[in-house]
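Taking it in order: structure first as C-alpha cells, then the write-up.
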Amino acid sequence: MSIRFESEMEHGEQNGFLNRHFAQTLHNLFHLMLRAGNVGLPNVGKSTLFNAIVENSKAQAANFPFCTIEPNVGIVDVPDARMDRLAEIGSSERILPAKLEIVDIAGLVKGASQGEGLGNQFLANIREVDAIIHVVRCFDNDDIIHVAGSIDPARDIEIINMELVLSDMAQVERRLERARKEARTKKESQVEVEALEKILPALQEGFAARTISLTEDEEKSIKNLGLLTKKPIIFAANVAEHDLATGNKYVDAVKAIAIEEGAQVVVISAQVEAELLELPAEDRREYLESLGVTEGGLQSLIRATYMLLGLQTYFTCGPKETRAWTIIQGMTAPQAAGVIHSDFERGFIRAETVSYKDLDENGSMANAKSKGLVRSEGKEYIVQEGDVMHFLFNV
C-alpha cells in the first residue's frame, strides 16, 4: 500500500497531485509505518542485526537455517542528532523522532521461487515491504554455518537476486497472458501489455524490473503487481568487528555489485551492535572509538533506508515537544501540514519556516527572525529537508 502512494507521487503531477484526500490517507498511513525488509541467505546475520536495530525485539537468532519462519516486525527510531539541539533551543519537555518499520524475513535459498526452503512464503513476505535491506555476509567464522559452504558475497547476492527475478518472471508471464486477452476489449489494458512486454525480456536475461525505463502510464499500470525487483534496495555488508572501520575484500565485492545496480552499501557489524546493547550508554562511544569508528553502522543503515524510501523530515519545535514529521519528498507546505492533521491542510494560511542550519547557528527563533531568516511560505512551497515549521491555519 505504501509503495503505491510513493509511486503515484513520483509519476503523477509534480504539484497538486497530493490532494486533501491523499494527505489524510498519508496521515493514516504513517500510523502503519513504511516497511523495510531484511533479506538474505540463512545465517548471514539478519536476525542478529534485527535484534540490534530493535533493542526490545524478541527475534530469534540461531545457528541453523530457517530459524526465522514467521517474519519479526519492529518499530525503530530514525537517528537524528538535530533533535537534541532543537529540544535545547525550544526548551522542549520531550523528543519524538521519526519512525520506521523493519521486518526480519527468513533466509532465502536457491530454488526459493520454486518453493525450496519455504521460499514461496518468504517471497510473499518480501512482497509486502516497501524497500529491501539485503544483508550480505562479509566475515569468516568457521563456527557459523554457511549454506553454500564458503564465503562469497557475489555468489550470495546472485542467488537472492535470481530468486527475486524468477519469482517476478513467473508473475509477469501469468499477468501478461491475461492482460493480452483483456486488451482486446479494454484499451487501458494495452498500456499494461506494453509495460510487461518491456519488463519480461529483461527478467528473462536476469535483470531487475527496476532497470527498465517505463512511461508514467506504464508505471501506473503495473504498480499493483508489487514486483520484487522493482523495490529499491540497499546492501548491508555484515563484517566482523575488526573490519568495521576498514572493510575487507568481501565488502569490496559488494560495493562493485552495488555500483552496477545503482544501489548503496552500508558497512555494519551485527556482532558489534549486539555487543553495544550489553554496554552501559556511557561506555559505548569508547568501545566504538577503540574500533576506529564514531558509530557502529546501525544508525547509518537506518538513515540510509529512510532516504531510500524517498522520505524526508521536517520539524516542529516548542516547549511541549520537539517532533520529527515524516513526509514524502516533494510535498508542499499544506500537504506536509496535513500529515499532522487534515484540518491543518484544509485551513492552511501560511507556514513560518526556518532551516535547521539557520536556527542552530542563531540559537533561537527570535534571533533568526531578527536576521530575516524566518520565512513566510505559502501554498506552493516545497518543504525542504530539515525545515523547522510553524503552521497558521483557519477552519
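The values are calculated or read from the model by the stated rules, or taken from the named source; none is laboratory data. Everything numeric here is computed off the predicted structure, so don't read it as measured data. Cβ: placed from backbone, ideal geometry, glycine included. Neighbour counts: every protein chain shown. Quick note on the areas: whole protein, heavy atoms, side chains included, nothing else; ligands and nucleic acids left out. Shrake-Rupley method; radii C 1.70, N 1.55, O 1.52, S 1.80 Å.
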query = How many residues are touching a strand residue (DSSP E or B) at 6+ places or on another chain (Cβ under 8 Å), among the hydrophobic types (A, V, I, L, M, F, W, C) and open to solvent by 10 Å² or more (accessible area, probe 1.4 Å) if we restrict to the range 127-168?
reply = 2
query = Does the range 113-126 contain any residue that is touching a strand residue (DSSP E or B) at 6+ places or on another chain (Cβ under 7 Å), at pLDDT 85 or above and open to solvent by less than 50 Å² (accessible area, probe 1.4 Å)?
reply = no
key: Total residues in the range 383-395, condition open to solvent by 90 Å² or more (accessible area, probe 1.4 Å) and outside any loop (DSSP other than H, G, I, E, B)   = 1
Qualifying positions in the range 154-199 - closer than 25 Å to ALA124 by Cβ and assigned to a loop (DSSP other than H, G, I, E, B) = none
ask   = Which condition breaks for LYS249 when tested against (1) open to solvent by 70 Å² or more (accessible area, probe 1.4 Å); (2) of a type outside the set (Gly, Ala, Ser); (3) touching a helix residue (DSSP H, G or I) at 6+ places or on another chain (Cβ under 8 Å)?
value = (3)
inquiry  = Exactly one condition in (1) β-branched (Val, Ile, Thr); (2) within 28 Å of the chain's Cα centre (by Cα); (3) assigned to a helix (DSSP H, G or I) is false for ILE151; which is it?
reply    = (3)
ask   = Can you tell which of GLU275, GLU352, GLU321 is modelled with pLDDT under 90 and of a type in the set (D, E, K, R)?
value = GLU275
task = Among the residues of the range 245-282, write down those that are in contact with a Lys or Arg (Cβ under 8 Å, 6 or more places away or on another chain) and within 26 Å of GLY310 (Cβ to Cβ).
result = VAL265
ask   = open to solvent by 60 Å² or more (accessible area, probe 1.4 Å) and either touching a residue at least 24 places away in the same chain (Cβ under 8 Å) or part of a strand (DSSP E or B) (or both) - does that describe any residue in the range 353-361?
value = yes
query = Do we have GLU380 as loosely packed, with under 13 Cβ neighbours inside 10 Å and without any contact (Cβ under 8 Å) to a residue 24 or more places away in the chain here?
reply = no
key: Whichever residue in the range 200-218 is surrounded by 18 or more Cβ atoms within 10 Å (Cβ to Cβ) and in contact (Cβ under 8 Å) with a residue 24 or more places away in the chain and, among such residues, is farthest from GLU173 (Cα to Cα)   = GLU218
task = Please work out if SER221 is of a type outside the set (Val, Ile, Thr) and either buried (at least 19 other Cβ atoms within 10 Å of the Cβ) or in a helix (DSSP H, G or I) (or both).
result = yes
task = Working only within the range 171-195, note down all residues that are open to solvent by less than 90 Å² (accessible area, probe 1.4 Å) and over 26 Å from the mean Cα position of the chain (by Cα).
result = GLU173, ARG175, LEU176, ALA179, GLU182, ALA183, SER189, GLN190, VAL191, GLU192, VAL193, GLU194
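So that you can scan it fast, the table gives a plain yes or no per residue for (1) open to solvent by 10 Å² or more (accessible area, probe 1.4 Å); (2) part of a helix (DSSP H, G or I); (3) at pLDDT 85 or above:
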{"position": "ALA52", "(1), (2), (3)": "no, yes, no"}
{"position": "GLU55", "(1), (2), (3)": "yes, no, no"}
{"position": "ALA62", "(1), (2), (3)": "yes, no, no"}
{"position": "VAL73", "(1), (2), (3)": "yes, no, no"}
{"position": "GLU88", "(1), (2), (3)": "yes, yes, yes"}
